[in-house]
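Let me begin by presenting the structure, written as structure tokens, before commenting on it.
The values are calculated or read from the model by the stated rules, or taken from the named source; none is laboratory data. Keep in mind it's a predicted model, so treat the numbers as computed, not measured. Positions of Cβ are generated from backbone atoms using ideal geometry, with glycine treated the same way; all protein chains shown enter the neighbour counts.
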Amino acid sequence: MFQPRYTITDRLLANIKRIYALVAQLNNRQFPDIVLAEFERVAREVSTHTSTSIEGNPLPLTEVRKILKSKPSHIRDSEKEVLNYNQILKDLNKKLDPGHIRLSLNFILKIQKQVTAGLLPTWDSGYWRKRPVMVVNPVTNQALYLPPDAKDVQLLMQDLVAFANRSRKTIDPLILAGIFHKQLVIIHPFMDGNGRTTRLATKVLLAAMGLDTFNLFSFEKYYHKNVSRYFGTVGELGNYYELADKIDFGPWLEYFTEGIIDELTRVQQLLSAAAVTPQTQLLPHHLRILEFIGKQGLIADRDYAQLTDRAKATRAIDFNQLIAGGVIARKGKGRATYYY
């Protein structure tokens, strides 16, 4: 039976308290639906880029955005990987009502299958691995970690899922999600797609704590800031069978919760400008700008002039208010100026 070793340090406790305070602050404020929809779209783009980039996908964020917008028919594997991840984020966000998803082996297999669709042989996509694997240093090609044997994978996963489900009422959801994340990486149950599947499944467990702003933030972004630190903290060195009873989840839990704080703080700062108060409420003319950008991707003053009878100087003020609030940005100069 899986029994993780960890200590609730003062630092970890402080992180958990900070997260719940941030969540409460966000959930107690109101935001226009159009702003929330835009933030959700951006969060999916960032999550898609950073999570696939962590695993070696070379596409920059600008290229990822183009692919998600155009959805090309003839695509490379790197583009397919991006489209797969973005689609499953959309699918999961529709199902993430707190308490409505119960983690299961089948659920995890379905995530991996969608993540790797068209990228792996059919017998490796949506199935536990049947062959040995090792984690190597990409520079020296030396073995860093030997995961458990393929024959033990399903039993270890059953044990992990049972632990997660029976502990929902006895272990803080943040600690539980963090333990699940690291242990799934340690088991390394698939031939490929382990990291992406782990981060997506962890999103599901985080949603179980009632984080209404779940689909607005991307905790993968924090890992992407320092990939070496992420791998060094979530992973282990050596042979699984020699390490299994000695692994300390504590340092990872501190890092895991710090990442959530970092992203929640960033989102809170961005959303502050869009809060519905007498001073910051987005007015109908602001919404017209955002609706146009939502459909076309950008807007120029000449476009805005066709949507409203506001004077040119007033239109400039409208754009500047949205820029000051961090909702849009300006690019270009003179007659070539546009906003996105």
Residues in the stretch 115-123: is at least one touching an Asp or Glu at 6+ places or on another chain (Cβ under 9 Å) and more than 25 Å from T52 (Cβ to Cβ)?
no
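Conditions (1) over 17 Å from the mean Cα position of the chain (by Cα); (2) surrounded by fewer than 17 Cβ atoms within 10 Å (Cβ to Cβ); (3) not assigned by TED's automatic domain parsing to the domain that holds N15, marked per residue:
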{"site": "I175", "(1), (2), (3)": "yes, no, no"}
{"site": "K182", "(1), (2), (3)": "no, no, no"}
{"site": "I186", "(1), (2), (3)": "yes, no, no"}
{"site": "G195", "(1), (2), (3)": "no, no, no"}
{"site": "G232", "(1), (2), (3)": "yes, yes, no"}
{"site": "E236", "(1), (2), (3)": "yes, no, no"}
{"site": "E242", "(1), (2), (3)": "yes, yes, no"}
Residue satisfying all of: in the stretch 294-312; assigned to a helix (DSSP H, G or I) and modelled with pLDDT of 90 or more; farthest from K66 (Cα to Cα) among these:
K312
Here is a check on your reading of the model: is V23 in contact (Cβ under 8 Å) with a residue 24 or more places away in the chain, surrounded by 14 or more Cβ atoms within 10 Å (Cβ to Cβ) and either at negative phi or not charged (D, E, K, R) (or both)?
yes
Among helices (runs of 4 or more DSSP H) entirely inside the stretch 59-118, those with 2 or more residues being surrounded by 18 or more Cβ atoms within 10 Å (Cβ to Cβ) and charged (D, E, K, R) are 77-95
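Look at F190 and say whether it is at negative phi and not in a loop (DSSP other than H, G, I, E, B).
No; evaluated as a whole, the condition is false for this residue.
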Give me a count of the residues in the stretch 1-43 that are of a type in the set (D, E, K, R) and either within 30 Å of D159 (Cα to Cα) or at pLDDT 90 or above (or both).
5
Restricting to the stretch 225-244, and then to whatever is in contact with a Phe, Trp or Tyr (Cβ under 8 Å, 6 or more places away or on another chain) and assigned to a helix (DSSP H, G or I), can you tell me which residue is nearest to L205 (Cα to Cα)?
V234
